Amino acid sequence: MSSEIKNQAEILSKLGIEALNAMQLEAEETINSGANVVLLSPTGTGKTLAFLLPLIQKLDPEIEHVQALILAPSRELALQIEQVLKDMGTGLKTNAVYGGRPMTQDRIDLKQAPAILIGTPGRVADHLRKGSVLPDYISHLILDEFDKSLEIGFESEMREIIETLQDVKQRILTSATQEIDVPDFVKLSEPKVLNYLNEGIQKLAVKIIDSEFKDKLPALVMLLKHLGPQPGIVFCNFKESINRVSEYLLEHGISHGIFYGGMEQKDRERALIKFRNGTHNILLATDLAARGLDVPEMKFIIHYHLPLKSQEFTHRNGRTARMHCDGTAYVLAYRKENLPDFIEKLNAETIDSATLIPSTEEAAKEWCTLFISGGRRDKISKGDIAGMFFKQGKLKNEQLGVIELKPDCAFVSVEKKGVNQLIKLVDNARLKSKKVRITRV
């Protein structure tokens, strides 16, 4: 690998980042020292880049085996890390493996071993057992959001993986949680702890929305109409609740996406894509969306249900007031219910839902999402896609939104007005050497 590819200034330029923040600078220095590291920092502060930048400097491009293993608690986080690495343009082969993905595709990708393997503990343990991933050259182990992996039941797989790795020179653990307990099986000796959890907390406002009725759905609708067209997440504790809330919001003309663990992987991924690109401003989600997901900066989150633990309350709130920006967490509460201690201690402002006035601000534009049946493996670039929509689709610049390019497909947000005519113009068009189908998601 050329030193030019690994030049940090060039990588940051590719990512559109002017400079590293204080947490990333200290993480880089500490990881470069060779020490084991525990990195504690709120969601959205750039932990992924903080460990990836120094990590890529430590790998040998001449070794054709996995040298760094990154374990993540969810498919979404594994895919997000993989995408960041691809966007960095390091030249190092990278693959993500996770449950719900065809093992045949894993085998194809792993036939030529990546330098960096990212995966969920269950799938990585499976590959180590089958010998499709060799542990012999793995010198760096990163446990991203490691406490979440333990919390959702991956302890036995993580223990099995770590016991298989005999030559790990450096361990890096990340978390957005204060109360951490690192099990002995992690073999974390003399770690340097970098704690940035108090950064930006003062930017978050918490407000209690007082509901006159035990059924809080009318209060939720009033709050969403009051907040107007801006992105936010509504957290529920159960998928059954999400379905009920979703039906009610649709009845009241509030467009939204849904996201929870029982959904098919494809549907979860598309829900996040449509949330990121502005097709949906509102996402109804369980705590699966509380951390480790690549979602846009938002001004608010809403606790339709309060979580059982104060830590999850903190993680949910971390979706807003990120990177020194302001944000508000709203707690929907029936006026006769007793709130947990971690809410009572906040002395938060209480607002009667009946006093909420609907916002008069209108969305500047309505967007929808299109699916394109070709991607990175077909040598298609974002520029190719944009060019097709401008030339054949006759779109103006402001009518084309976010383009997300995947290995085998792409997703594009376009202005909703006139979308049916647009599809007629571009469907079955040729991108590079591939004729692609274009459909509405």
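The values are calculated or read from the model by the stated rules, or taken from the named source; none is laboratory data. Computed from a predicted model, the values in this text were never measured in an experiment. FYI the Cβ positions are ideal-geometry reconstructions off the backbone, even for glycines, and counts take in every protein chain you see.
Quick notes on this one:
- Close pairs (6 angstrom Cβ cut-off, 6 or more residues apart or separate chains): hydrophobic (A, V, I, L, M, F, W, C) in the stretch 10-35, in a helix (DSSP H, G or I) and buried (at least 16 other Cβ atoms within 10 Å of the Cβ) anywhere: I11/M88; A27/A50; I31/P54
- Residue list for the stretch 206-253, filter: part of a helix (DSSP H, G or I), more than 25 Å from the chain's Cα centre (by Cα) and among the β-branched types (V, I, T): V221
- Filter result for the condition that a residue is assigned by TED's automatic domain parsing to the domain that holds E76, modelled with pLDDT of 90 or more and among the aliphatic types (A, V, I, L, M), over V186, V206, V221: V186
- Set P42, P102, P114: member being under 22 Å from Y196 (Cβ atoms) and not assigned by TED's automatic domain parsing to the domain that holds G262: P42
- The residues of the stretch 408-421 that are free of Cβ contacts under 8 Å to residues at least 40 places away in the same chain and closer than 20 Å to K274 by Cα, listed by number, are D408, C409, A410, G418, N420.
- Selection of the stretch 424-441 for residues being surrounded by fewer than 16 Cβ atoms within 10 Å (Cβ to Cβ) and closer than 18 Å to I273 by Cβ yields R437, T439, R440, V441.
- For the stretch 65-100, taking the residues that are aliphatic (A, V, I, L, M) and assigned to a strand (DSSP E or B), the one that is surrounded by the fewest Cβ atoms within 10 Å (Cβ to Cβ) is identified as L69.
- Within the stretch 338-385, being basic (K, R) and within 30 Å of L308 (Cα to Cα) holds for one residue alone: K345.
- F313 being in contact with a Phe, Trp or Tyr (Cβ under 9 Å, 6 or more places away or on another chain), crowded, with 22+ Cβ neighbours inside 10 Å and over 30 Å from Q421 (Cβ atoms): yes
- Considered as a group, the residues in the stretch 136-154 that are touching a helix residue (DSSP H, G or I) at 6+ places or on another chain (Cβ under 8 Å) and of a type outside the set (A, V, I, L, M, F, W, C) include one that is modelled with the lowest pLDDT, and that residue is S149.
- Of the residues making up the stretch 370-424, those that are within 22 Å of the chain's Cα centre (by Cα), among the basic types (K, R) and assigned to a loop (DSSP other than H, G, I, E, B) number 1.
- Scan the stretch 13-61 for residues that are at pLDDT 95 or above, hydrophobic (A, V, I, L, M, F, W, C), within 29 Å of D287 (Cβ to Cβ) and not in a helix (DSSP H, G or I) and the total you get is 3.
- Scanning the stretch 347-364 for residues that are surrounded by fewer than 14 Cβ atoms within 10 Å (Cβ to Cβ) and assigned to a loop (DSSP other than H, G, I, E, B) yields N347, I357, P358, S359, T360, E361, E362, A363, A364.
- Single condition L405 does not satisfy, out of (1) buried (at least 16 other Cβ atoms within 10 Å of the Cβ); (2) in contact (Cβ under 8 Å) with a residue 60 or more places away in the chain: (2)
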